[in-house]
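The values are calculated or read from the model by the stated rules, or taken from the named source; none is laboratory data. Since the structure is predicted, the reported quantities are computational estimates derived from the model, not experimental observations. Methodologically, a virtual Cβ is constructed for each residue, glycine included, from the backbone with ideal geometry; neighbour enumeration extends over all protein chains shown.
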Amino acid sequence: MTDTEMQDQDFEWFVDNMLEFNKIYGQKFVAVKNKGVLGVYDTFNEAIDATLKTEQLGSFLIQECFDDEEKLIIHCYNRSDPLPKYQWCLLI
């Protein structure tokens with residue numbers, strides 16, 4: 001399975017569980033890999049910095065736990081750049 005396919009599955013798993021994560025963690029950022037939570041953080045930057053200590057860039061997702069699925073944001077980056085450029089992509 002490719003990284004992209006795994007991230008698609010992880011994203012679907014996160015979306016399916018986001019409201020429950022919000023009840024447990026509040027509006028925090030979670031690092032997700034292999035349909036599991038690697039860590040919970042107060043900020044996006046904290047989540048990236050901490051997760052990169054143990055995981056390869058591009059092998060995990062960072063998502064914010066909202067209390068409303070309509071607020072869902074995808075955090076994405078361009079893997080071809082030497083340094084990741086993070087973007088905020090609002091799903092409508």
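Here are the numbers:
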quantity: The range 25-58, subset closer than 21 Å to GLU69 by Cβ and surrounded by fewer than 13 Cβ atoms within 10 Å (Cβ to Cβ), residue nearest to the chain's Cα centre (by Cα); calculated: GLY36
quantity: Top-ranked residue in the range 37-75 [being touching a strand residue (DSSP E or B) at 6+ places or on another chain (Cβ under 7 Å), of a type in the set (Ser, Thr, Tyr) and more than 17 Å from LEU19 (Cα to Cα); ranked as modelled with the lowest pLDDT]; calculated: SER59
quantity: Filtered residue count, the range 25-64, keeping only those that are without any contact (Cβ under 8 Å) to a residue 12 or more places away in the chain, outside any loop (DSSP other than H, G, I, E, B) and either touching a His at 6+ places or on another chain (Cβ under 7 Å) or charged (D, E, K, R) (or both); calculated: 1
quantity: Single unsatisfied condition, GLN87 versus (1) exposed (fewer than 12 other Cβ atoms within 10 Å of the Cβ); (2) at pLDDT below 90; (3) more than 14 Å from the chain's Cα centre (by Cα); (4) not basic (Lys, Arg); calculated: (3)
